[in-house]
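K.L.:
Got a structure here, written out as structure tokens. Questions coming.
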Amino acid sequence: MATLIVFHEVEDGEHWAKAWKPGPGSRHELFAQIGVSARTFKNPEHPNSVGLILEVPDMERFQAFMASDEARQAMEEDRLKVDTLRMLGEFTP
């Protein structure tokens, strides 16, 4: 299991947050399709600065998903500024 910290800017933090509300079509449901669980975060002083902690059981599957049209469409719908996307993977020194 890999733990990732992902952070990026979005055009509208409230719009982005609504996509993560539990229920049919939520981003939680989208990621659950590949076994990934997510915790969501917003910067209270800069609400368009958002992040995730992801628990990823299969990195190859995750990377393939992130390169898919489905993921690209979701990022576009969520108004994610893709050029600001940063990802950190946990490591053991």
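K.L.:
Using a Gaussian network model of the chain whose springs link C-alpha atoms within less than 10 Å, name the residue from 25, 35, 51 with the highest mean-square fluctuation.
P.N.:
Looking only at 25, 35, 51, the largest GNM fluctuation is found for 25.
K.L.:
On the protein heavy atoms, probe 1.4 angstrom, tell me the percent of accessible surface of the chain carried by carbon and sulfur.
P.N.:
On the way: 3240 of 6110 Å².
Of the solvent-accessible surface of the chain, carbon and sulfur hold 53 percent.
K.L.:
Oh, and also: Rolling a 1.4 Å sphere over the protein heavy atoms, what is the accessible area per residue of the chain, to the nearest Å²?
P.N.:
Working: 6110 Å² over 93 residues.
Value for the chain: 66 Å² per residue.
K.L.:
Scan (1) -0.81; (2) -1.02; (3) -0.93 for the value of log10 I(q)/I(0) by the Debye sum over Cα atoms at q = 0.20 Å⁻¹ calculated from this model and give just the label.
P.N.:
(2)
K.L.:
Taking the simple approach of a point 7 Å from Cα along Cα-to-Cβ for both residue 76 and residue 90, what is their distance in nm?
P.N.:
Distance between label points: 3.4 nm.
K.L.:
Now, a different point. Return the calculated 222 nm mean residue ellipticity for the chain, to the nearest 500 deg cm²/dmol, obtained by summing -39500 (n - 2.57) across DSSP H runs with n ≥ 4 and dividing by the residue count.
P.N.:
-8500 deg cm²/dmol
K.L.:
Residue 36 accessible area, nearest 10 Å², 1.4 Å probe?
P.N.:
The value for residue 36 is about 10 Å².
The values are calculated or read from the model by the stated rules, or taken from the named source; none is laboratory data. Small disclaimer: the values here were computed from a predicted structure and weren't measured. Neighbour counts run over all protein chains shown; Cβ positions are idealised from the backbone, glycine included. Protein only, heavy atoms only, side chains kept; ligands, DNA and RNA dropped before computing areas. Shrake-Rupley method; radii C 1.70, N 1.55, O 1.52, S 1.80 Å.
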